[in-house]
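Here's the structure, in structure tokens; my notes come after.
Computed from the coordinates by the stated procedures, all read-outs in this text should not be read as laboratory data. A quick note: this is a predicted structure, and the numbers were derived from the prediction, not measured. Every residue, glycine as well, gets a Cβ built from its backbone with ideal geometry; the counts of neighbours run over all protein chains shown.
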Amino acid sequence: MTLLPSEHPSELPSDQTPLYHHALPQLEAWLRELGAHQQSTHSCRWDLHRPQWSALLELEVEELKVSWHQEGRQSVRHFPYGLSRADMEAAILAGP
């Protein structure tokens, strides 16, 4: 069976698609596009660094947990997978 380009498992659906409609390889590809790096010891944890802050993204069972670190402070938010990828990305990149 040959996959069409639109059926490739790591190709991302529309950014308006809720995250729960993304296969794991698609979620991982999206996190890489954001600039996040997967931790080698915990495959569900991703590190994201920006000039003003850093964040730990954790793929949990029912939500994405984001822990931002900035100037010695930590902010934690939990985002349900029902959010669109665009909304999730905007929330993550807005920072703490």
Site ASP87, offset 7 angstrom along Cα→Cβ, radius 14 Å on amide nitrogen, limited to segment 27-55, gives none
Based on the Cβ-Cβ distance from SER14 to GLN74, what FRET efficiency comes out when R0 is 25 Å, to the nearest 0.05? 0.15
What is the angle, in °, between the Cα long axis of helix 24-34 and the longest principal axis of the Cα atoms in the chain? Nearest 10 is fine, range 0 to 90. 50 degrees
Hull-based mean projected area of segment 39-96, where the convex hull spans the alpha carbons, in square nanometres: 4.1 nm²
With angles folded into 0 to 90 degrees, how steeply does helix 85-94 sit against the dominant principal axis of the chain? Use alpha carbons for both and round to 10. 20 degrees
